[in-house]
C-alpha cells in the first residue's frame, strides 16, 4: 500500500462545506450528494451482511433454531468482519460529516 498525502479531515470537510465561495443552496446540494453517495455504499454493505444472515432469521426478526448451532458466513469470518468494519466506517463518516456541517 502506498503512502499518499491526505489533508486532515476537518480541512477536507471545510472545503466541501465552505459557503463563503458559493451560495448556501449550492453547498446544501453538494452536502446531499456526498451523504447520499456514502449512504448508498453503506446500504450495499448492509445488504451483503443481511444476505449472510437472512436464511437464519424470519422477516419479523425471530432467530430460527438452526442458528442455535452456530453461524458461519459463507464468505468466511475475515470478509464478514471486514464488511462490518466498513459499514461502521461509512456510518461514522456520515455522522462526522453531518456534525461538521452543523458546526458542532
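Quick look at the numbers
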item: Relative exposure of 53, 87, judged by other C-beta atoms within 10 Å (fewest first); result: 53, 87
item: Exposure proxy ranking, count of Cβ atoms within 10 Å, fewest first, for 89, 95; result: 95, 89
item: Over region 27-95 - Rg/Rh using Cα atoms and the Kirkwood inverse-distance radius; result: 1.11
item: Pairwise FRET efficiency - residue 66 versus residue 35, Cβ, R0 = 41 Å, nearest 0.05; result: 0.60
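Rule-based calculations on the coordinates, nothing more; no lab input. This one's a predicted model, so the numbers in the text were calculated from it and none came from an experiment. So basically every Cβ, Gly included, is an ideal-geometry build from the backbone, and we count neighbours across all protein chains shown.
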